[in-house]
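Okay, structure first, notes after.
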Amino acid sequence: MPVKAIKPGYHGEFRDRVENFRGQQLLNICWEKHTMFGWPMCIPVPPEMPFGALLEQVLPGIYGAHPDFARIKWNEVQWSSAKGPFTPDPSKSMVEHGFKHKTQIRFRTPGLDGHNGAG
Amino acid sequence: MAADGDLKPIKKLSLKENYALLTRGLGWEPTYEKKEEIFRTIDFEGIKIHDWEKWEDPFRLTMDAYWKYQGEKERKLYAIIDAFQQNNGQFNVTDARYVQALKLFLNGIVGLEYASHRGFNILGREFPGVGPRIAAQMQAIDELRHATTQIHAISHYNRFFEGMADFPHQFDRVWYLSIPKSFFEDAVSSGPFEFIVAISFAFEYVLTNLAFMPWMSGAAFNGDMSTVSFGFSAQSDEARHMTLGIEVIKFLLEQDPDNVPLVQKWIDKWFWRGYRLLALLATMMDYMLPKRVMSWSEAWTIYYEENGGALFADLARYGIRPPKYADVTIKEKQRVSHEMWSIFYSVRNAVGFPVWLPSAEEMDWFSEKYPDTFDRYYRPRFEHWRELEEKGTPFTNMTLPQLCQVCQWPCIYTEPDDPTEFVHRETEYQGETFHFCSDGCKDIFCNEPEKYVHAWLPVHQIYQGNCFPEGADPTAPDFNPLVAALQYMGIKPGVDGGLMSQHVDASRWEQWTSRPANLHEGAITQAVRKTT
């Protein structure tokens, strides 16, 4: 059902279109079960950044403080997005993985379900 | 007339006659302007009103009675505030943590009173019926009075504590204060009928008892006479506003059956938006009051499930059902304050008040009040964080959150049936992805995507480079965008946020009062041991 407005045809501008991010795009990342971090993270990334850089350079800075992080076996991690599970390729870029601006990706680390069950 | 010493004045008007003159006698039918030109926003929402005369103001308040009551309340309130100031009442509150709750109130809530004042002024202009117009105008004055009395009452604290000096600036710019701000801006930018259902009914009638009852008794319990006084002074207005809320609903539903689905949609939307806003209050009640009155879970049980349940049972005869997703609020009541305090703690360097971990005594209280969740999910987290604090490496989250496009909270919430799984809800609209904290917020977006695509989301604005102070140079080699964003928001690192045990409010409190800043944790300075 469309919005009812005083003026017919009203439409707000898209305030967060990708052109506004000066060459970067937003990526949302969620480590499932790890609620201690409080929220899925939102970061700007270059669209051509390889997935390997995300794993090696970005994720440790975000999640490294968690006792589970050092124990992650990266080859066993289950990745997914709203479209379903996917298998990342470290050499391929964000765009090559089909990640659009504001895509959310999630990873699950079975067996590592939060410190003492508390996220 | 002969001066015979027997002059009889005309009989004084009864209250009923006085009210009739004010609300009917002042109205007129326009002749040289078309009615639809004068009341231009009254039709587009689709609400049908056949007879504005059917409006019954339950209070029938007249101007002279209004000024008299309000004037008396003001005199009383300012006498108490005066006495509070002269007696250094700010040092009689339980401990310095209580003051942090006042900061959240001043920076986050007072601006809502003012926004509400604006909204009701608009209704006072837009409604064709004189009765509701007068009621809206009086409420506009009330809301302005609430904002000013709250500012005056809390201004005294500003002389002694950090973080209160620039509350309008913070309200407009601080990342988490976009949550209350956007709530009212959404309401004000709706049509007049949606606004009054949103604010008078869904917010005032269904939800604000939660703010005024437990919160004000919390202030009394923690020794804050000043806040209690403005609370009580406002409460008698709130009673009138609530009655207006129920009258509005009944009036709209009785005017035309076509109004029922519109009103139901607004009740669903604004109940959910109001509930999400109140999560701030849940946190204040459970974590920021050193002496607790009741838990958020208990308050929600009494004020929503029991009182709200009776209300919606009564409205069933109009074809109105309880708000959609009310069941989710009941599932969330066992965890929402814990989830929220956890995020304030872990991002404490980017908030406008210092935070602390709950003490052993407080955790025991949580175990008792939250038997199904606290020991299982949150106690181990806080114990882990305490160990880290003692090692000197407190847990910190430095990454900005994914925000909900509608309520603007970070997506902190967990699945209604599983507190260990984050909620993931998204939709694609015209090729762009939008994220939500809940099904409630997703529904609101999908009903009116045209409106919410231009929400001003603080995280995205920071990343776009729109939240830097004037004169900042993003190309400078040492430029740090997050530090610049905090400056823009008016949050001073090292002064406003951080750990309570290291905060200047805490050390000053101990110097001035010789009492611990946190009554459960013992003194942090030598000042408490002083004997003079």
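The values are calculated or read from the model by the stated rules, or taken from the named source; none is laboratory data. What you are looking at is a predicted structure, and each value in this text was computed from that prediction instead of being measured. Cβ coordinates were reconstructed from backbone atoms using ideal geometry, including for glycine residues, and neighbour counts include every protein chain displayed. Heads up: the accessible areas ignore ligands, DNA and RNA and are worked out on the full protein's heavy atoms, side chains in. Shrake-Rupley method; radii C 1.70, N 1.55, O 1.52, S 1.80 Å.
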* Asked: Can you work out ³J(HN,Hα) from phi for every residue in region A:47-56, in order, using Karplus 6.51 cos²θ - 1.76 cosθ + 1.60 and θ = phi - 60°, giving whole Hz and x for Gly and Pro?
  -> x, 8, 5, x, 4, x, 5, 4, 5, 8
* To do: Calculate the radius of gyration of the Cα atoms of chain B to one decimal place, then report Dmax, the largest Cα-Cα distance, as a whole number, both in Å.
  => 25.1, 96
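I'd like the mean, over residues of A:25-38, of how many other protein chain beta carbons sit within 10 Å of each residue's own Cβ.
Values: counts 1, 6, 1, 8, 2, 4, 1, 4, 4, 2, 15, 9, 9, 15.
Per residue, the number of nearby Cβ atoms from other chains is 6 on average.
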* Asked: Along the charge dipole of region B:159-206, which of B:Pro180, B:Val197, B:Gln170 sits closest to the positive end, that is, farthest toward it, with unit charges on the beta carbon of Lys, Arg, Asp and Glu (+1, +1, -1, -1)?
  -> B:Gln170
* Asked: When chain A is treated as a GNM, springs tying every alpha-carbon pair under 10 Å, which of A:Glu96, A:Glu13, A:Glu76 comes out with the largest mean-square fluctuation?
  -> A:Glu13
* Structure fact -> Inverse of <1/r> over all distinct C-alpha pairs of region A:19-117, i.e. the Kirkwood Rh in Å, gives 14.0
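Dividing the convex hull volume of the Cα atoms of region B:280-342 by its residue count, what figure in Å³ per residue is obtained? Write out the running numbers ahead of the final one.
Numbers: hull volume 4.7 nm³, N = 63.
Value for region B:280-342: 75 Å³ per residue.
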* Which whole-angstrom value gives the distance between the alpha carbon centres of region B:193-266 and region B:155-178? -> 25
* Asked: To the nearest Å, what is the center-to-center distance of region B:407-435 and region B:19-93, using C-alpha atoms only?
  -> 39
* If you take the charge dipole of chain B about its Cα centre, with +1 on Lys and Arg Cβ and -1 on Asp and Glu Cβ, which of B:Asn447, B:Asn18, B:Gln100 is farthest toward its positive end? -> B:Asn18
* Asked: What order do A:Leu26, B:Leu482 take when sorted by accessible area (1.4 Å probe), most exposed first?
  -> B:Leu482, A:Leu26
* Structure fact -> Per the charge dipole of region B:52-337 (beta-carbon charges, Lys/Arg positive, Asp/Glu negative, Cα centre), the residue among B:Thr62, B:Tyr275, B:Phe221 reaching farthest to the positive end is B:Phe221
* What is the dipole size for chain B, taken about its Cα centre, with +1 at each Lys and Arg Cβ and -1 at each Asp and Glu Cβ, in debye to the nearest 20? -> 1240
* Structure fact -> From the Cα centre of region A:59-119 to that of region B:468-484, the distance in Å is 31
* How large is the dipole of region B:52-337 about the Cα centre if only Lys and Arg carry +1 and Asp and Glu carry -1, each at its Cβ, rounded to the nearest 20 debye? -> 440
* Base-10 log of normalised Debye intensity for the protein assembly as shown (one unit scatterer per alpha-carbon) at q = 0.07, 0.10, 0.12 Å⁻¹ -> -0.49, -0.99, -1.37
* Asked: For chain B, what is the mean residue ellipticity at 222 nm derived from helices alone (per DSSP H run of n ≥ 4: -39500 (n - 2.57); sum divided by total residues; nearest 500 deg cm²/dmol)?
  -> -16500 deg cm²/dmol
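Could you pull out the pairs from B:Lys8/B:Lys250; A:Lys33/A:Lys100; B:Lys12/B:Lys76; B:Lys331/B:Lys451; A:Lys102/B:Lys103; A:Lys102/B:Lys333 whose alpha carbons sit more than 32 Å apart here?
Values: B:Lys8/B:Lys250 44 Å; A:Lys33/A:Lys100 24 Å; B:Lys12/B:Lys76 29 Å; B:Lys331/B:Lys451 29 Å; A:Lys102/B:Lys103 34 Å; A:Lys102/B:Lys333 30 Å.
Correct reply: B:Lys8/B:Lys250; A:Lys102/B:Lys103.
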* Principal axis dimensions, region B:52-337 - Cα atoms, whole angstrom, descending -> 57, 47, 33
* Asked: Taking the Cα centre of region B:163-230 as the origin, how large is its charge dipole in debye, to the nearest 20, when only Lys and Arg (+1) and Asp and Glu (-1) carry charge on their Cβ atoms?
  -> 100
